[in-house]
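The values are calculated or read from the model by the stated rules, or taken from the named source; none is laboratory data. Values in this document were obtained by computation on a predicted structure and should not be read as measured data. FYI the Cβ positions are ideal-geometry reconstructions off the backbone, even for glycines, and counts take in every protein chain you see.
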Amino acid sequence: MAQTYDHQVVEAKWQAHWTQTGLFQVTESATTPKYYCLEMFPYPSGRIHMGHVRVYAIGDVVARYKTMRGFHVLHPMGWDAFGLPAENAAIEKGVHPNVWTQDNVAYMKQQLRRMGLSYDWDREVNTSHPDYYRWNQWIFLKMVERGLAYRKRSAVNWCPSCETVLANEQVLAQEGKDGGVCWRCESVVIQKELEQWFFRITHYAQELLDGCDRLTSWPARVLAMQRHWIGRSQGVEIDFPVADPADDLTAIRIFTTRPDTIHGATFMSLAPESPLVEQLIAGRTEAGPVREFVQRVSRLDKATRTAADREKEGIFTGAYAINPFTRERIPIWVANFVLYEYGTGAIMAVPAHDQRDFEFATQYDIPIRLVIQNPEGTLAPEALDSAYEEQEQAGVLVNSGTFSGLFVPDGKQAIGEHVEAQGWGTRTINFRLRDWGISRQRYWGTPIPMLYCEHCGLVPVPENQLPVVLPEDVPFTGKGGSPLKESPSFAKTTCPTCGGTARRESDTMDTFVDSSWYFLRYCSPKDTGQPVNPEAAKHWMAVDQYVGGIEHAVLHLLYARFFTKVLRDLGLTTVDEPFVHLLTQGMVTKETYWCEDHRWVLPSETRKEGGQRLCSQCGKAIVIGRTEKMSKSKKNIASPEDLCDRYGADTARLFSLFAAPPEKDLEWSDTGVEGCYRFLNRVWRLVYEQLPLMGEVNSKSGSESSELLAKLQRATHHTIQKVTEDLERNFQFNTAIAALMEFVNELYKLWKDYPSDALTVNERAGWRSAIESLLLLLAPFAPHLTEELWETVGHSSSIARQSWPVFNPELVASVEWTIPIQVNGKLRSKVRVPAGSTKDQVIATAQSDAKLMEWLQGETPRKVIYVEQKLVNFVI
RNA sequence: GCGAGAGUGGCGGAACUGGCAGACGCGCAAGAUUUAGGAUCUUGUGGGUAACCGUGGGGGUUCAAGUCCCCCCUCUCGCACCA
């Protein structure tokens, strides 16, 4: 190998070598502990970007480090290969989604190999392959059996022009239009009732919530988001009798978390979608206007309707209810802000103590009655300018009959009990979490394995007929609903029960289903009899370290937790939670360049002139914009391929890990990358320059000491300690790398200070030990370069298979201490004392220090503080 | 509004349980080498002539505060009518 560092040659050599020797293939082992390191698998969009480089570099260092620490590490990779972009490519370019996807997979796999990632590619999964998605179908059938998958009508976003369901994030707001528009054709999106398949995630709501308490190695904000999403609240359901009931609707049930305020309920509100509305208005003069209101409101898509700043609106139904506590007649309204899906779809309205009700009552002149008084007793109903919602301080019930005088928590308790005793209702718990709607009217996803038989109705596809495979012969027009409906070979089939004609379900599953259990599939990726082999799962699960983006804080991570519990209940795994440690890495950002004529421009479209950056097209001054997440539209992307060409994968990895701690945003800097490249070159040169000195010596020989040897040993062992501690303490890669840089700086200094032609055998051994430790510590970060140099210094087995170096605390200890001397807390001097000096010895040395005497001016200190090995502080 | 997090040199960032603020890298400056540029190496680099001043601002605790306590400001992200 050449004496200059040629990253292209080195990286290609070792990537080929690793593949040929199967270095990263792993099997279950009883002799060493297991470690499961996982990064979120990518969507095969076509090219990897810097975000991928960062997350996979993080995971790879973890996997390589744990391997060197003696674990057998499962470190797999695969493809989240179903999804809409493939179908769009088919519509726009006429490429079949499968071809498009598998081409992308092949390209990106080669890109990942170029990064030198230590994956066991034998375990690769691809969710768009029937061998994978058949198990989605299998799990679905098991969930149907257990009542965890079911069908119901529900409102969805529907584009009438594209004839398809849209996800909430595919509905865009557009100015001047009341409601959202389709992202593709800009038609106004409507709400449509459709039969949809749901997973009963709410069955596990309480367990999912309780589990958050045990996920102590997850970021607090992810847990906060999950807890909020699950949204447990404790309250009471109460029947309000309808006054003068016309038909069999005698009472309306509401849910409230504030039963203590019930005496202040001066009206009721129903959700516009509630079927009760029609029952109440039948035959009344209000019927026409109310229907009009309901239609107008329910046409709006959800995002628009639930925007917080949306004005409160409502209409009186003409009907009255009886407040069971006050026996008063109160009007029943329909209000746009009441959600049909939450609670009972009806509320009691207490304007004095609920801000929404307050605004509504003020707008429509409905009486406001104060029933909670503040501790100072200063609230008056006519003087309220907002609702008094305080529950923490000692609010007291007033105007509440026999309950007056109770504090709020006691009032809640007493009124809740009274409601139950009277048989008016029950105390209940409500969750914000809704069941998970998984139906998608799309082609490129897992077919839902159900049939509609003319005689038998809904029939599951028998297990032995799985997989239900996606047909190839379908048109992609972007119109006419799901392409699967257009495939006769797919849509028409026979009923497995009666043999009659049947129609296949044409909906496919949400792609979040695929990623909800892939981590289990990696344990036994080739099992043909079940989604996961329970023995393999028992060996590998749970994932010890999961690394991925914060954008999945709720959806993916919640669904994966849900599936883990379902598969546990099916006997396939024994763990309750899939991911023990979670690391959410920050975004990769870069500064943006803005030209007022040419908008965002690439750095290469600018030139520097006299310290100013100018647009190379028009010569105008460039405005350096905010540092933002890399995106094509802002033209602030850096290309992983260019980076690997110019500097190599080791540099790319090193910079991604060095420039910021993993969980924070990483600001891209081309000069910073060069700095890392320089560092690797320095390591390379150092090894080659030391090579003649390391020749024939065995690194363990002799015992005689010398100043150089002591310094080499101290630097070496101190670095081992620092790097190890930084990795053990939350994977602080940036400071670990900084320690390695310091080590290299120190070694260059020692090489300069101690002439190499006069070294003893022991000193040569010390050099060898220092260089080898450096390579071992650097190996997880820069695997190619260290493999090459490891071979150069005379080893034949891979550095990835070596043991992590161990530090000797005795060698870390220095022979003397430098102790800062303070006077009144300010640094005034420093003294050197022999290591191991006692408090009195250190103080004595300090007091004889000339600089200190100047500061003390002959005064006797009132107090002397000594912190062991840290400092002395004289207080005068 | 609620929740989470962050404010430290020209820049990215260090400082684990209160104990030398600014590790490491970038940038910048000077020097060496080189015909030159580049690369490389060496040295220096918070501000201030100085006493001193410096971790968003203001108070406090302490021998000692970036770190602990109280009040305030700014920014980022997430959620947002869930009764």
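Within the range A:188-205, if we keep just the residues that are modelled with pLDDT of 90 or more and touching a Phe, Trp or Tyr at 6+ places or on another chain (Cβ under 8 Å), the residue that is farthest from RNA strand B (Cβ to nearest atom) turns out to be A:Trp197. Of the residues examined, A:Leu785 is not one that is free of Cβ contacts under 8 Å to residues at least 60 places away in the same chain and either within 16 Å of RNA strand B (Cβ to nearest atom) or buried (at least 18 other Cβ atoms within 10 Å of the Cβ) (or both).
Residue-by-condition table, conditions (1) in contact with a strand residue (DSSP E or B) (Cβ under 9 Å, 6 or more places away or on another chain); (2) buried (at least 24 other Cβ atoms within 10 Å of the Cβ):
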site: A:Ala81; (1), (2): yes, yes
site: A:Gly94; (1), (2): no, no
site: A:Pro97; (1), (2): no, yes
site: A:Trp100; (1), (2): no, no
site: A:Val105; (1), (2): yes, no
site: A:Tyr132; (1), (2): yes, no
site: A:Glu145; (1), (2): yes, no
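Yes/no per residue for (1) in contact with an Asp or Glu (Cβ under 6 Å, 6 or more places away or on another chain); (2) assigned to a loop (DSSP other than H, G, I, E, B); (3) not β-branched (Val, Ile, Thr):
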| position | (1), (2), (3) |
| --- | --- |
| A:Phe316 | no, no, yes |
| A:Ala319 | no, no, yes |
| A:Pro324 | no, yes, yes |
| A:Val338 | no, yes, no |
| A:Thr344 | no, yes, no |
| A:Pro351 | yes, yes, yes |
| A:Phe358 | no, no, yes |
| A:Ala361 | no, no, yes |
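In the range A:380-397, what residues are under 20 Å from A:Pro259 (Cα atoms) and away from RNA strand B (no atom under 15 Å from the Cβ)? Listed by number, the residues that qualify are A:Pro381, A:Ala394, A:Gly395, A:Val396, A:Leu397. Kindly evaluate A:Gly445 against the criterion of being on the phi > 0 side of the Ramachandran plot, assigned to a loop (DSSP other than H, G, I, E, B), surrounded by 13 or more Cβ atoms within 10 Å (Cβ to Cβ) and more than 16 Å from RNA strand B (Cβ to nearest atom). Here the answer is no, as A:Gly445 does not meet what is asked. If we scan the range A:595-608, do we find a residue that is hydrophobic (A, V, I, L, M, F, W, C), surrounded by 20 or more Cβ atoms within 10 Å (Cβ to Cβ) and within 16 Å of RNA strand B (Cβ to nearest atom)? Within the range A:595-608 (the criterion being hydrophobic (A, V, I, L, M, F, W, C), surrounded by 20 or more Cβ atoms within 10 Å (Cβ to Cβ) and within 16 Å of RNA strand B (Cβ to nearest atom)), the answer is no, since none of the residues qualifies.
Pairs only if they're at least six apart or on different chains, beta carbon under 6 angstrom, first in the range A:734-747 and farther than 18 Å from A:Leu712 by Cα, second assigned to a helix (DSSP H, G or I); list them, first residue then second. Cβ pairs passing all conditions: A:Asn734/A:Phe658; A:Thr735/A:Asp726; A:Ala736/A:Val723; A:Ala736/A:Asp726; A:Ala736/A:Leu727; A:Ile737/A:Phe658.
For the range A:245-268, which residues satisfy the criterion of being among the small types (Gly, Ala, Ser), more than 10 Å from RNA strand B (Cβ to nearest atom) and either crowded, with 24+ Cβ neighbours inside 10 Å or in a strand (DSSP E or B) (or both)? A:Ala251, A:Gly264 - these are the residues of the range A:245-268 that are among the small types (Gly, Ala, Ser), more than 10 Å from RNA strand B (Cβ to nearest atom) and either crowded, with 24+ Cβ neighbours inside 10 Å or in a strand (DSSP E or B) (or both). So if I check each of A:Tyr56, A:Tyr107, which one is under 24 Å from the mean Cα position of the chain (by Cα), hydroxyl-bearing (Ser, Thr, Tyr) and assigned to a helix (DSSP H, G or I)? After applying the criteria, what remains is A:Tyr56. Candidates in the range A:788-820 are the residues that are among the small types (Gly, Ala, Ser) and surrounded by 17 or more Cβ atoms within 10 Å (Cβ to Cβ); of these, the one that is farthest from A:Thr845 (Cα to Cα) is A:Ser798. Only one entry of A:Phe358, A:Phe337 meets the criterion of being within 11 Å of RNA strand B (Cβ to nearest atom), touching a Pro at 6+ places or on another chain (Cβ under 8 Å) and under 30 Å from A:Glu273 (Cβ atoms), and that entry is A:Phe358.
Counting only residues that are among the small types (Gly, Ala, Ser) and in a strand (DSSP E or B), which one in the range A:137-160 is modelled with the highest pLDDT? Selected residue: A:Ala149. Scanning the range A:562-611 for residues being farther than 22 Å from A:Thr202 by Cβ, not β-branched (Val, Ile, Thr) and not in a loop (DSSP other than H, G, I, E, B) gives a total of 17.
Residue-by-condition table, conditions (1) more than 30 Å from A:Met225 (Cα to Cα); (2) under 15 Å from the mean Cα position of the chain (by Cα):
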site: A:Arg504; (1), (2): yes, no
site: A:Trp517; (1), (2): no, no
site: A:His539; (1), (2): yes, no
site: A:Glu551; (1), (2): no, yes
site: A:Leu558; (1), (2): no, yes
site: A:Leu572; (1), (2): no, no
site: A:Pro578; (1), (2): no, yes
site: A:Thr592; (1), (2): yes, no
site: A:Leu602; (1), (2): yes, no
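Within the range A:353-382, no residue that is without any contact (Cβ under 8 Å) to a residue 40 or more places away in the chain and at positive phi sits with its Cβ atom under 8 Å from a residue that is within 16 Å of RNA strand B (Cβ to nearest atom) and β-branched (Val, Ile, Thr) at 6+ positions apart or across chains. The condition (being surrounded by 20 or more Cβ atoms within 10 Å (Cβ to Cβ) and in a helix (DSSP H, G or I)) is satisfied by just one residue among A:Val10, A:Val73: A:Val10.
When A:Val61, A:Val10 are checked against the criterion of being touching a His at 6+ places or on another chain (Cβ under 7 Å) and either under 30 Å from A:Glu689 (Cβ atoms) or among the acidic types (Asp, Glu) (or both), a single residue qualifies: A:Val10. Right, A:Glu628: surrounded by fewer than 16 Cβ atoms within 10 Å (Cβ to Cβ), more than 26 Å from A:Gln585 (Cβ to Cβ) and at pLDDT below 90 or not? Against the criterion (surrounded by fewer than 16 Cβ atoms within 10 Å (Cβ to Cβ), more than 26 Å from A:Gln585 (Cβ to Cβ) and at pLDDT below 90), A:Glu628 does not qualify.
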